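Worksheet for the structure shown next.
The values are calculated or read from the model by the stated rules, or taken from the named source; none is laboratory data. All figures in this text were calculated on a predicted structure; none of them were measured in a lab. Virtual Cβ from ideal backbone geometry, glycine too; neighbours counted across all protein chains shown. Just so you know, the surface numbers come from the protein's heavy atoms only, side chains and all, with ligands and any DNA or RNA stripped out. Shrake-Rupley method; radii C 1.70, N 1.55, O 1.52, S 1.80 Å.
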Amino acid sequence: MTQELDLDAVIRQRIRGLRLARGWSLDSLAARCFISPSSLSRIETGHRRIALDQLVPIARALGTTLDALVESDEDEDVVIRPEPEHAKGLTTWLLSREGALNGVTVAKMLITPEREASQAQVHPGREWFTVLSGTVRLQLGERTILVEPGHAAEFSTMVPHAIGAHGGPVEILTIFDHDGDRAHLHGPDGAPQK
């Protein structure tokens with residue numbers, strides 16, 4: 001029942017907020033949705049129960065959908081609660097949803113010296129990471145580059161590359177495009193790497 005009352009309050013706030021954002025008085029919105037101004041006032045203030053036959057014309061008059069007015073204000077559509085995926089010397093937390101904007105994947109990785117030296121990979125695209133803690137050993141073609149905390153690296157993934165820990169654990173925040181996601185986070189069959 002409490003959850004229902006909370007949603008009811010959110011709906012009322014949305015109606016009032018949309019009305020005020022448009023610069024409309026109660027009378028103006030009431031005329032647009034064919035509800036009396038006093039009824040609309042009681043709906044907004046919580047002194048009248050909201051009925052579906054009232055919400056539909058209110059939503060239409062406000063230029064929104066019924067779904068948008070009544071959707072839950074739970075945080076699941078906003079907050080990502082990543083589960084760690086473990087492999088030897090590597091823990092990965094996916095910080096973006098599948099099918100994210102522009103096809104990129106954001107991940108946090110903890111790499112320890114126990115991680116087996118990975119074979120340098122080559123694949124289409126670009127990769128970017130920033131070092132949160134520790135020092136990254138970036139093998140990029142024939143070069144070995146040490147990347148310190150607070151610094152970032154961006155490179156073409158057509159150059160053979162491997163990322164490892166130098167002198168202790170390292171934590172990075174990385175962004176992969178679609179090809180990088182497949183190459184680094186999934187095996188050839190599309191299954192997560194172990």
Within the range 134-161, restricting to residues that are of a type in the set (D, E, K, R) and in contact (Cβ under 8 Å) with a residue 12 or more places away in the chain, the one that is most open to solvent (accessible area, probe 1.4 Å) is Glu154
The residue from Leu29, Leu90, Leu66, Leu7 that alone is open to solvent by less than 90 Å² (accessible area, probe 1.4 Å), farther than 30 Å from Thr174 by Cβ and either in contact with a Lys or Arg (Cβ under 8 Å, 6 or more places away or on another chain) or modelled with pLDDT of 90 or more (or both) is Leu29
message = With the structure loaded, tell me whether Leu20 is in a helix (DSSP H, G or I), surrounded by fewer than 17 Cβ atoms within 10 Å (Cβ to Cβ) and touching a residue at least 60 places away in the same chain (Cβ under 8 Å) or whether it fails that test.
response = no
Note on the range 157-194: residues modelled with pLDDT of 90 or more and of a type in the set (Gly, Ala, Ser) are Ala162, Gly164, Ala165, Gly167, Gly168
Residue hits (the range 39-63; open to solvent by 60 Å² or more (accessible area, probe 1.4 Å) and more than 17 Å from Leu7 (Cα to Cα)) are Asp53, Arg60, Gly63
Those helices (runs of 4 or more DSSP H) completely within the range 27-71 that have 3 or more residues that are more than 15 Å from Ala9 (Cα to Cα) are 37-45, 52-61
Note on Ala153: of the conditions (1) at pLDDT 90 or above; (2) under 21 Å from the mean Cα position of the chain (by Cα); (3) farther than 21 Å from Glu85 by Cβ, unmet is (2)
